Amino acid sequence: MSSLVAYEDSESEDEPLDPTEDGASTSVQTGSFKQNQEIKLRFNSQVTQRAQLFTPDYDWTLLGNHEGIPEKSPSLAHVQSQPQSCFDQEINYCGSRGAKHKPFEDTATCQSLPATQGNSCPLQTFFHTPQRFGDGMNPKRQNNVPSGVRPYIPKRQRLSTTVETVDPKYPAEQVPGSQTKESQILLDVSERVKPYLAHKPDTAGIPRRLLMRLEGHQGPVNTVQWCPMPHLSHLLLSASMDKTFKVWDGAESGRCLRDYTCHLGAVRDACWTPCGRHLLTGSFDNTTVVTDVETGQRIAKLDNQFKVMCVALHPSNPDVFLCGGHSSVVKAWDSRSCKMVKTYKAGIQQTLDILFLRGGIDFITSSDCVSRDSADRTLIAWDFQTTAKVSNQIYHERYTCPSLALHPLEESFVAQTNGNYMAAFSSQRPYRMNKRRRYEGHKVEGYAVQCEFSQDGTILASGSATGSGHFYDYHNARMLHTLRAHSQPCLCVSQHPVLPATAATCDWAGEIKIWH
């Protein structure tokens, strides 16, 4: 069957013979009687001219399709009396040009046209069979290539060997194991970070100068986080209400390295795993997803049956995590089996944030459960193993706490409150609040403004509804600096774990900035 696509440098076996071309294949199509007679005469004269050019030691080989040859051709009268099996072969011939050259004489092989089922055929003569175009790619034909001559490869097969095929199941940037430049996210180490990897970070500084802007999100950016692995700490994770989360080069180029579209709703929270190879995200589409940073493939997708507001990895077992949101319960999942392992019933409307304490034995949840007289369930301490409430009388003021942050060295944590201040608590039972230490000066005003400690625990940073970033001395609660970062509410300030005096901020308009 002839191909529907014609290639400019490949030959179709169904094309008619060109009388001016040597070595071409012959295929005479049957038609009307007059057309057949003209084809017969042309074929007869062509054969006569070619036969005169051959030397006595060479004969020509008929290779072609017998179906296209008329049964009563005058030029083939000497073979009409032979059995029809003589034509049950492919008929071609060797051009006169090839027969005159010595290389063909040295490398040519001889073969005979086989008879079919016992019928003898006088055409069983040894014929010269040079290499036809494309024969080297067909195992059914002879593969006799003269020395010093490269076999012809059709364009169709050249393209199939040079063009890299891609599995349609995965986009080009998501092919498992692919080592393209775009996919080498975890293999590159930033030149800016390398000098700081050999020694411990110095005392955290305060960023004051704008380094770069990262643009790409089309909705509010809820959180930004640097990768916890020191050699990958140039990677910055961002989660947005535009249903995507991205990984950026936040140290040098500022370009987006990978855009992940695993959710159908707004991505409310996201975090790195301790190894830096996976991402945990929670969305308003009721799902929690564990994603591979390199390939972008989903490792686990879990349906919580409620809008997810916050996620938290277990500090000693990253395969287990908690998620809470628009529900009265907090669920614990195992990403390896994709099964829910524990349920914590709080009897509240929704969970705003979750914080594991050191060791992962206990954790704290913040909720929006506030009444006129008390706020006894604003912060609840839980025993992770038994799912029992350890305390629900931690915070007594009538403000909700949209975010929590654990001190990296000391046994304490802070809670961001809608009272426009951050309160400090002990992370050991009975989790008493430090009434003498309060971090004031920024605005929350109902936004989910986050707070975060520096790597050495000396500086506490917070966003603000005014668009500024605020930096406090943790030990004396004094404000060190106010960074005029954004025109829209600044939701998060993340301090770099390796580079000194470097931080990332994000705002309600979808803008991300890197400061130094």
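Every number here is computed from the coordinates shown, using simple stated rules; none is lab data. Predicted model only: the values in this text are computed from it and were never measured. Heads up, the Cβs are rebuilt from the backbone with ideal geometry, glycines too, and the neighbour counts pull from every protein chain shown.
Key figures for this structure:
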read-out: Proximal charge balance of ASP285 [Cβ under 15 Å; K/R count +1, D/E count -1]; value: +2
read-out: Rounded to whole Hz, the Karplus (6.51, -1.76, 1.60) HN-Hα couplings of segment 261-269, x for glycine and proline; value: 10, 8, 10, 9, x, 4, 8, 8, 8
read-out: Which listed pairs, of LYS307/LYS513; LYS246/LYS331; LYS345/LYS389; LYS243/LYS301; LYS345/LYS443; LYS331/LYS389, have C-alpha distances above 21 Å, in listed order; value: LYS307/LYS513; LYS246/LYS331; LYS345/LYS443
read-out: Global form of segment 260-369, assessed from the alpha-carbon gyration tensor, a/c cut-off 1.5; value: oblate
read-out: Whole-Hz couplings from phi, Karplus 6.51/-1.76/1.60, listed for segment 273-289; x for Gly and Pro; value: 7, x, 6, x, 9, 10, 10, 10, 10, x, 9, 6, 7, 6, 10, 10, 10
read-out: Under 5 Å, built H, 5+ apart or other chain: amide partners of TYR447; value: none
read-out: Backbone HN-Hα couplings from phi across segment 246-258 [Karplus 6.51/-1.76/1.60, Hz, Gly and Pro as x]; value: 10, 10, 10, 8, x, 9, 10, 6, x, 8, 7, 7, 7
read-out: Whether segment 356-467 is rounded, prolate or oblate, judged on the alpha carbon gyration tensor where a/c under 1.5 counts as rounded; value: oblate
read-out: For SER403, distant residues with modelled amide H under 5 Å away; value: GLN416
read-out: Under-5 Å amide H pairs with ARG258, H placed in peptide plane, nonlocal only; value: VAL247
read-out: Segment 197-515: C-alpha gyration tensor shape, a/c 1.5 cut-off, then a/b vs b/c; value: rounded
read-out: For SER190, net neighbour charge (Lys/Arg +1, Asp/Glu -1) across residues whose Cβ lies under 9 Å away; value: -2
read-out: Loop-resident sites, segment 441-514, for trypsin sites (Lys or Arg not before Pro), counting at most 14 other Cβ within 10 Å (DSSP); value: ARG478
read-out: Label-point separation in nm, THR343 to ASN434, each point 7 Å along Cα→Cβ; value: 3.9
read-out: Mean-position separation - Cα centroids, segment 275-329 and segment 439-478, in angstrom; value: 26
